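The values are calculated or read from the model by the stated rules, or taken from the named source; none is laboratory data. This structure is a prediction, so every number in the text was calculated from the model and none was measured. Glycine also receives a Cβ, built like all others from the backbone with ideal geometry; neighbour counts cover every protein chain displayed. Ligands, DNA and RNA are excluded from the accessible area calculation, which covers all protein heavy atoms including side chains. Shrake-Rupley method; radii C 1.70, N 1.55, O 1.52, S 1.80 Å.
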Amino acid sequence: MILPNLYNLREQLAEERILLCFNGPISRSLIEEIGVALKKYLQAEPLTPASASDVFAVYIELTQNIRHYSENTKLVGSDVATVIVSQNLEGHYAVSAGNLLYHNDGEVLVKHINDLASLDKIALKKLYKEQLRKPRDVTATTGAGLGIIDMARKASKPLKAELKSVSQDISFYSVSVQL
């Protein structure tokens, strides 16, 4: 067994101000356990309860989206999530997450994120209310689409998304939300 260079990893995480980092298969129970740890960390920070709640809510939304996508597609490896919670020098938190998905699905998501990123807070609120009023398709395999709009509303900067091709049909999708 090769011993990983944990000191260098620790230094890199500290340099990039990464508070929480996870990479591996994600399940409902793991989302909950990491969520409990994140909540405890945020409670110890000098944050308003609303800010701590926003960070936690975005973490839950992103990880649950990954889990749901994996369950719905059965794409091998799509349940492996990479999740990072970091803090920049100004004290803003960022929650970033990524996973494997079909390239076509990723293109749709990136376009949606970019569309949301172009909207101001008033337009995001209006879109949220419109989406809330729409009847939900009971046969749909995804949610009502409110979660991603809500993340955009909570964010202090526009959401960022990226798609990196790993094979002909599969890509790695990454999204980051700064709060």
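Can you give the accessible area per residue of the chain, in Å², using a 1.4 Å probe? Could the numbers behind the result be given before it?
Working: 11230 Å² over 179 residues.
Accessible area per residue, the chain: 63 Å².
Could you count how many Lys pairs in the stretch 1-140 have their Cα atoms under 29 Å apart, skipping same-chain pairs fewer than 8 positions apart?
Step by step, the pairs that qualify in the stretch 1-140 add up to 14.
Let me check something: with ligands and nucleic acids excluded, how do Arg10, Arg133, Arg17, Arg67 order by accessible area (1.4 Å probe), largest to smallest?
Descending accessible area places them as Arg133, Arg10, Arg17, Arg67.
Where the accessible area of the stretch 6-178 is counted over protein heavy atoms with a 1.4 Å probe, how much of it, in %, is carbon and sulfur?
It is 55 percent, rounded to a whole number.
Whenever you get a sec, line up Ser51, Ser165 from highest to lowest accessible area (probe 1.4 Å, protein heavy atoms).
Accessible-area ranking of Ser51, Ser165, largest first: Ser165, Ser51.
So what is the 222 nm mean residue ellipticity for the chain from helices alone, if each DSSP H run of at least 4 adds -39500 (n - 2.57) and you divide by all residues, rounding to the nearest 500 deg cm²/dmol?
-16000 deg cm²/dmol
In units of 2.2 N^0.38 Å, what is the alpha-carbon radius of gyration of the stretch 6-178?
Values: Rg = 16.3 Å, N = 173, 2.2 N^0.38 = 15.6 Å.
So the Cα radius of gyration is 1.04 times the expected 2.2 N^0.38 Å.
So who's got an amide H within less than 5 Å of the one on Glu45, skipping anything under 5 residues away but keeping other chains? H placed 1.01 Å off N, in plane.
none
Going by amide H atoms built from the backbone, whose H comes under 5 Å of the H on Leu20, apart from near neighbours?
Counting only residues 5 or more places away or on other chains, the set is Val85.
Give the longest segment of the chain that steers clear of GluC sites (Glu not before Pro) in DSSP loops with at most 16 neighbouring Cβ atoms within 10 Å, not counting the sites themselves.
Segment 91-179 is the longest.
Run the reach check for Lys164 against aspartates and glutamates, Cα to Cα strictly under 18 Å, same-chain hits fewer than 8 apart removed. What comes back?
Cα-Cα hits under 18 Å: Asp79, Asp105, Glu107.
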